[in-house]
Structures are given as structure tokens and as C-alpha cells.
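Below is one structure, written out as C-alpha cells; comments come after it.
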Amino acid sequence: MQINSRTIETKVPINRTFSAKNMVKIHPDDKAFPEDSDVGKDKISPYLTTDKESFTIWMRSLVFHSKGCTVYDSKGSLIYRVDNYNSKSCSEVYLMDLYGKLLFTLRQKKLRLFKSWEGYNQTGTRFRLSKNFKISPRGSSSPYNVVMGSRQTDGDQQQPCYKIVNRRSDFTIEDGSGRLMAQVKKKQSDIKGLNLGKDVLTMMVEPQVDHSLIMGINL
């Protein structure tokens, strides 16, 4: 499983054990697990951004013999886990919170000559991500469209709700009107001379965006 296996090539071997030393390099001064300081407080949604937020995507699974990645917030707290639990197959992957609660399941579907992905969660949110063959402006490409809902077929011509757009070294997720929702690119270290490698990415999510859905679309 790569993020995004369709838009960014990140074929990096997955560690079989969690390396605390490597995690420290990504977030040198922060904790891996957050303190539950918000117990008892009213929340609209734990996944809805209020301001522009930054996340670190580390292309390493914390699960033995699994392929996936780990996601930290800007404070260095572990917020998401992505795993497929089967290193021989990437046809189904799971997005979970740090406690292992399942947030989204994504399954690969074969539609005639190309593949697509279907995602869904337990609250009824569903989407389909499929290849876009239309020609885009020079310097960028929109390789995948995302349509929300469950009644989509191979012949559907619905307008996409979101688009994944390649922009040279990074990619963005936009809504149907072209508004920027999130941007993913290689993470640069603040420490001079320290290269975090191709398997460490930064995801910037715009305000009032469900970052759990953005993660689901990225899988």
C-alpha cells in the first residue's frame, strides 16, 4: 500500500518492527501518543479541521507482517494507522484511529479495463475512486475522480465530488469546483542536512475539512 499508490511512487520497504529512533527524527520533541486532555468536552467532530492543519505521513506500518503507514498530527501525536494485514495483497486496506477503531475500509474493484477503489465506513459514507482519462492543462494532471455515494456503476457519468491532481512533485485533492482541500508532498526537515527520505510526507489540510475522509481518499 502506498500513499498515494496512484499518484506518488513510494516503494519503500516496510519495517517489520516499529522504530522509535526513526519516529524521533520525524518529531524530535513530541510524544507518539496524545494525552486525553479533552475528556468531557463537547466536540462537533474530532476529524473536522478548524484551521489549516499539518499531518505527517510515515510510510511504515506499526503492525508485524503488514503494509501500511502511520499518521501524526502537528504535535507529533499518533492519529491514524493504515494497514492491510496481508503483505501479499493490497486489495483491501483499513484506516483506523490510534486505538484501532475502524474508520474506513477500502476495497479494490476491477471495472472492465481498469481498476477502481470503493471506500465506506460504518456511518454510511461511501465513495468510489476511479481513473480519469481526460486531458488536463499542461503541468498538471487529474488522474483520479472521487464520486460520493453507493449507486455507481461502470457506466456512470456523475460529476466528481473530489479530484486528485498531480502537480509535479506533489499532489492535491480538490472538490468538484476546484477548491483546494488538501496537499501532499515530501516532508522537509527543519534540521539542516537531515533527509527524512521518500517515505515521509506532509499533508496540509484546509479549514473545515474532514481529514479522515481525506485520508480515506488518499489510500
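The values are calculated or read from the model by the stated rules, or taken from the named source; none is laboratory data. This one's a predicted model, so the numbers in the text were calculated from it and none came from an experiment. Note: ideal-geometry Cβ built from the backbone for every residue, glycine included; neighbour counts use all protein chains shown. For the accessible areas, the whole protein counts, side chains as well, though only heavy atoms, and no ligand, DNA or RNA atoms are used. Shrake-Rupley method; radii C 1.70, N 1.55, O 1.52, S 1.80 Å.
Holding the Cα-Cα limit at 32 Å, pick out from 109/192; 101/198; 115/187; 131/192 the pairs that are longer than that.
109/192; 131/192
Tell me the carbon and sulfur percent of the accessible area for the stretch 164-219, rounded to whole percent, probe radius 1.4 Å.
Percent of accessible area from carbon and sulfur atoms in the stretch 164-219: 46.
What distance in nm lies between label points placed 7 Å from Cα along the C-beta direction at residue 102 and residue 198?
3.3 nm
With labels modelled as points extended 7 Å from the Cα through the Cβ direction, what inter-label distance (nm, one decimal) is found for residue 186 paired with residue 64?
Taking the simple label geometry, residue 186 and residue 64 are separated by 3.4 nm.
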